[in-house]
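Since the structure comes first, as structure tokens, the remarks are kept for the end.
The values are calculated or read from the model by the stated rules, or taken from the named source; none is laboratory data. Everything numeric in this text was worked out from a predicted model, so none of it was measured. We place every Cβ from the backbone using ideal geometry, glycine too, and count neighbours over all the protein chains shown.
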Amino acid sequence: MRGSVSATTPEELRQSHAGAFGGPLDNTTKSATPLEDVCELTGAIKPEFNPLQKWELQAVARLALGSKHRLNVCMRHVRADRREVDVRRSEKSGRPYYAGLMACGSVWNCPVCAPKIQAVRAAEVRAAIDAWQGSVVLLTQTVPHSRQDELQPLLEAFTEALRKFKQGASYKRASQRFRISGSIRALETTDGRNGWHPHAHSILFLQGSVVLEDMKADLFRLWRSAVARAGFEGKPSPSAFSLQDASKVKTYVTKMGAEYQWGPEHELVKAHSKTSSRGLSPFDLLRHYDLHINADRSSRYLARFAEYALTFHGKRQLVWSDGLKKLLLGTEGLTDQQVVDSIGEADAVLARIPLTDWALIRKHNLQGHVLQVVHQYGAAGLEHLLEAYRVDPQARHPHVALVPFGVARSGA
Ligand SMILES: [Zn+2]
């Protein structure tokens, strides 16, 4: 793999962040904690989402996964057919982004790629729900677990239970009784007081309406049996299993005069990046590392994230039942890699960055900052920023007042 990772130790990363944000990560810096970007009520990413956060989290994820991991190429290595990197402005969102860089396409591990993929997947799930003529329920399944469980064997046993749940005549009977025609299942885990907490959310598409309590009782019986047959000793408690009317899984968040909705499609698709009341999501582990960057225990967050990344590698986040996607959307859609590689090539170019300058940006982990500077001050602002680093490689970022993306600038 070409290139080097500029920050390979927590201390180097801390220094690099200190450079990018104009000072050490002291209490003042922490007052705008990354966690405040997530709505506590719903877990939704707030519309005034901190545009630097995903870049900071990606740097932490690289640290957790090591310099050989594919994440190291993401938004750092230039595509072989490009001699420069473009900053473009999305016509749709008004936000700046890079074109010409390689993207890792990992929905599990990459805080930069995941939101792009999740947005597409959430829209697909929403479109499927809207296209469905019958009713839709949201099923959540978990298994007994303890602090001592390692994630790998726990997840294996959990997916075995999910398989057994749907095998055999009993599920077939239930399926006929409640007229289940298809499903979309999402896999995820949190890390809480009782250790890893893998769980699955499924949207079930039903041909008619059901008495929710009857369906829940039937399916819970099947789930208990499947969990026992998958080798779990403890029995899942009723709280480890829930069934809700998906049309009621809807919360409205009002921000900056606009209303945003957290629906079942977000519950399914974005759960692994949101803040959860039942422990830390994988991206929370990265956020916590960032918050406690000087604390001894922070390395534990890196180790937990690495364990998660290794375990979920190669797993599919969303599984649609056979034929459902084609039936409801008329297409199988794009792969995760196609999604991250295909965004907005026709948008306007705000700045072109030669490879030598890109090397400097990469070395100092300035990717997020450059987008903000170009968005606000154009190519001249970028030149001003880079000049400081050319003169003094240890330079701290000149104090430029930045406004968040999407906020109108007066007099601009
Ligand atoms: Zn990526």
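When the range 47-93 is examined, which residues are found to be small (Gly, Ala, Ser) and crowded, with 18+ Cβ neighbours inside 10 Å?
Correct list: Ala59, Ala61, Ala64.
Does the range 138-164 hold any residues that are at pLDDT 95 or above, surrounded by 15 or more Cβ atoms within 10 Å (Cβ to Cβ), closer than 20 Å to Asp218 by Cα and over 22 Å from the mean Cα position of the chain (by Cα), and which are they?
Hits for the range 138-164 are Glu160, Ala161, Leu162, Lys164.
What are the residue pairs meeting all of these: first residue in the range 93-120, first residue of a type in the set (Gly, Ala, Ser), second residue near the ligand (Cβ under 8 Å from one of its atoms) and not in a strand (DSSP E or B), Cβ atoms under 6 Å, and 6 or more apart or on different chains?
Ala103/Cys74; Ala103/Cys113; Ala103/Val340; Gly105/Cys113; Gly105/Val340; Ser106/Cys113
Looking at Lys164, Lys172, which one is assigned to a helix (DSSP H, G or I), free of Cβ contacts under 8 Å to residues at least 24 places away in the same chain and away from the ligand (no atom under 15 Å from the Cβ)?
Lys172
Mind listing just one residue for me: the one in the range 285-304 that is modelled with pLDDT of 90 or more and buried (at least 16 other Cβ atoms within 10 Å of the Cβ) and, of those, farthest from Ala59 (Cα to Cα)?
Per the criteria, the residue is Arg304.
Take the residues of the range 81-125 that are of a type in the set (A, V, I, L, M, F, W, C) and part of a strand (DSSP E or B): which is nearest to the ligand (Cβ to nearest atom)? Quick ask: steps written out before the conclusion?
Here is the first cut: in the range 81-125, the residues of a type in the set (A, V, I, L, M, F, W, C) are 85, 87, 99, 101-104, 107-108, 110, 112-114, 117, 119-120, 122-123, 125.
With part of a strand (DSSP E or B) added as a condition, the list becomes 85, 87, 99, 101.
On the way: Val85: 15, Val87: 17, Ala99: 15, Leu101: 10 Å.
So, considering only residues that are of a type in the set (A, V, I, L, M, F, W, C) and part of a strand (DSSP E or B), the one nearest to the ligand (Cβ to nearest atom) is Leu101.
Here is a check on your reading of the model: is Leu219 under 25 Å from the mean Cα position of the chain (by Cα), closer than 20 Å to Val319 by Cα and among the aliphatic types (A, V, I, L, M)?
Considered against the rule, which asks whether it is under 25 Å from the mean Cα position of the chain (by Cα), closer than 20 Å to Val319 by Cα and among the aliphatic types (A, V, I, L, M), Leu219 comes out as no.
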